[in-house]
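Student: Quick one: structure below, then a few questions.
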Amino acid sequence: MWRPWGNKKTPAPIRNTSSPFSCSSFKDVQHLCAEGSSPSLSPSARRTANVFHRVRIANSLLRSWAPARPQPNGKFPVSIPDSDKRIVVYFTSLRVVRSTFEDCKTVRSILQGFRVSIDERDLSMDSRFLNELKGILGKSQLTLPRVFIGGRYLGGAEEVKQLHETGELKKLMEGLSTAAPGLCGVCGGFRFVLCDECNGSRKLYTEKSGFKTCTDCNENGLVRCPSCFYAPF
């Protein structure tokens, strides 16, 4: 056999670079992937079968560890229970990363313009929101904001802005609870108040055990506002 392209005067034969094993049918693949090794196989064939078996097991493990892939419509097959009538937004109010802060600000402004009920979960106010979001999406590396509408995952800033520009976002608001007018009279719209148990100090004192850390509040000595927040952790 000769090379199809090249010097016509001095053609060079193509060396056979194929492996000694040839898998020409599905029967051969089944045979190699079978559990164990048949005694009738030669040592080289038995080693090849073991390699195929290990590769098959490794691929199965990788598929089981892989995070959930998006569906064709771009949404993840995840949801938040008991939130089918409202919007849940995971965001940060810190300005450490300017682009992230601007994205969070823009998304909140867009959603608030529809005058619907929004559960805003600020990760900079309570780190438990981060663990909550990781558990929902099954990811350890996350970007903000993250938006859920009617209990279903919608996406981040780009998805919200694109849907808003096309008018599709307004359709998703149908059937959601309307927002209460004005700011909350208890927290003033901050969504958190000082813990009643420790008064924000994060420390409690008892005669029996002395000082101990308060377990009713977060790391800032705050608790969710009982007036405008929803279900507890």
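The values are calculated or read from the model by the stated rules, or taken from the named source; none is laboratory data. As the structure is a computational prediction, the values presented were derived from the model and not from experiment. So basically every Cβ, Gly included, is an ideal-geometry build from the backbone, and we count neighbours across all protein chains shown. These area figures cover heavy atoms from the full protein model, side chains too; ligands, DNA and RNA do not enter into them. Shrake-Rupley method; radii C 1.70, N 1.55, O 1.52, S 1.80 Å.
Student: Please give the contour-minus-distance gain from Ser140 to Ser177: 0.36 nm per residue of separation, less the Cα-Cα distance, rounded to one decimal in nm.
Tutor: Between Ser140 and Ser177, full extension yields 10.2 nm more.
Student: Quick one: 3J(HN,Hα) in Hz for the stretch 206-220, Karplus 6.51/-1.76/1.60 with θ = phi - 60°, rounded, Gly and Pro as x.
Tutor: Running phi through 6.51 cos²θ - 1.76 cosθ + 1.60 with θ = phi - 60° gives 10, 5, 6, 10, x, 7, 8, 7, 5, 9, 8, 10, 8, 5, 9 Hz.
Student: Also, quick follow-up: In whole Hz, with x marking every Gly and Pro, tabulate ³J(HN,Hα) for the stretch 85-91 from phi via Karplus 6.51 cos²θ - 1.76 cosθ + 1.60, θ = phi - 60°.
Tutor: 10, 8, 9, 10, 10, 9, 8
Student: Using Cα-Cα distances under 8 Å and only pairs 6 or more residues apart, what relative contact order does the stretch 131-215 have, in percent?
Tutor: 12
Student: Separate question: Pop out the carbon and sulfur fraction of the accessible area of the stretch 78-152 as a percent, whole number, probe 1.4 Å.
Tutor: 48
Student: Find the all-direction average of the projected area of the Cα convex hull for the stretch 74-128, expressing the result in square nanometres with one decimal place.
Tutor: Mean orientational projected area (the stretch 74-128, Cα hull): 4.9 nm².
Student: Then there is this: State, to one decimal in nm, how far the label point of Glu197 lies from the label point of Glu158, with both points 7 Å from Cα in the Cβ direction.
Tutor: 4.3
Student: Then there's this: Apply the a/c threshold of 1.5 to the C-alpha gyration tensor of the stretch 114-193 and tell me whether it is rounded, prolate or oblate.
Tutor: Because a/c hits 1.5 or more and a/b fails to exceed b/c, the stretch 114-193 counts as oblate.
Student: Quick check on my link table: of Lys134/Lys203; Lys139/Lys212; Lys105/Lys134; Lys85/Lys105; Lys85/Lys171; Lys105/Lys170, which ones sit more than 24 Å apart, alpha carbon to alpha carbon?
Tutor: Lys134/Lys203; Lys139/Lys212
Student: Taking only the alpha carbons of the stretch 148-233, what extent do you get along each of the three principal axes, in Å, biggest first?
Tutor: Its Cα atoms span 62, 26, 17 Å along the three principal axes.
Student: Continuing with this model, one more query. Using the Karplus equation 6.51 cos²θ - 1.76 cosθ + 1.60 (θ = phi - 60°), what ³J(HN,Hα) coupling, rounded to whole Hz, does each residue of the stretch 183-190 give in order, writing x for Gly and Pro?
Tutor: The phi angles translate into 8, 5, x, 8, 10, x, x, 7 Hz.
Student: Simple spin-label model, 7 Å along Cα-to-Cβ: Gln112 to Ser209 in nm?
Tutor: Result for the modelled spin labels: 4.1 nm.
Student: Net charge near Leu123, counting Lys/Arg +1 and Asp/Glu -1 over other residues with Cβ under 15 Å of its Cβ?
Tutor: That sum, taken over residues with Cβ under 15 Å, equals +3.
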